[in-house]
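Asker: First, the structure itself, so that you have it in front of you.
The values are calculated or read from the model by the stated rules, or taken from the named source; none is laboratory data. All values derive from a computational prediction rather than experimental measurement. Reconstructed Cβ throughout: ideal geometry from the backbone, glycine too, with neighbour counts over all protein chains shown. Side chains included, ligands, DNA and RNA excluded: accessible areas come from the protein's heavy atoms. Shrake-Rupley method; radii C 1.70, N 1.55, O 1.52, S 1.80 Å.
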Amino acid sequence: RPLFASAGLGRIWSHSLSSAPLCSALARHTGLLSPEEGLVLGLVHDIGAVAVQFLPRETMRTHRNLVDGGCPAAYVERLLLGRDHGEIGAGLIAEWHFPEEFIEAVRFHHQPERSPSKLPSLAYLAEFWSGLDEDLPSFGRVEACLERVDLTLETVMEMSRRDSTLRALNSVA
């Protein structure tokens, strides 16, 4: 937690804490992962955003200006770096010897349609429901992800209302 309190990482920490229980609940409901694995996926899906915070000062200033001006972070990263934080994070967790399915989920959590795996869709849904605008919202993408993991919008909304873990973690964040 002290690492995330420094260098402007509080937003990423809060986002990870809100995404993790959502991803865990989605994993439990779909059976694609165990709830514990879903929790880990939710925690690490944006690890590449941590690395982005340590870019050279001038690059970070441009990044912040564009994001503060309304450009989604994932688009700014592609513009400035040629890849987004999902791709950067996938490289990091690959070095940490995470399973290939996690690497794929992290890499494509902003573009789940680019992967044959269902896990990027799971991560995308948790990201979407956490409310952080790193990408332009796409209700068509939400519907495609829901269909891919065999869920309905109503089911996900009910899960987010009932999940006590989500409420507990959100109150701490």
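Asker: Consider Glu134 carefully, then state whether it is at negative phi and within 10 Å of the chain's Cα centre (by Cα).
Answerer: Details: at negative phi: yes; within 10 Å of the chain's Cα centre (by Cα): yes.
It is true that Glu134 is at negative phi and within 10 Å of the chain's Cα centre (by Cα).
Asker: Looking at Leu9, Leu17, Leu43, Leu22, which one is over 12 Å from the mean Cα position of the chain (by Cα) and not small (Gly, Ala, Ser)? Outline the logic, then answer.
Answerer: Numbers: Leu17 fails: over 12 Å from the mean Cα position of the chain (by Cα); Leu43 fails: over 12 Å from the mean Cα position of the chain (by Cα); Leu22 fails: over 12 Å from the mean Cα position of the chain (by Cα).
Only one candidate qualifies: Leu9.
Asker: Another one. So which residues in segment 137-152 are open to solvent by 30 Å² or more (accessible area, probe 1.4 Å) and in contact with a Phe, Trp or Tyr (Cβ under 8 Å, 6 or more places away or on another chain), if there are any at all?
Answerer: The first filter runs over segment 137-152 and keeps only residues open to solvent by 30 Å² or more (accessible area, probe 1.4 Å), leaving 137-141, 143-144, 147-148, 150, 152.
If the condition is that a residue be open to solvent by 30 Å² or more (accessible area, probe 1.4 Å) and in contact with a Phe, Trp or Tyr (Cβ under 8 Å, 6 or more places away or on another chain), then Pro137, Arg141 are the ones that fit.
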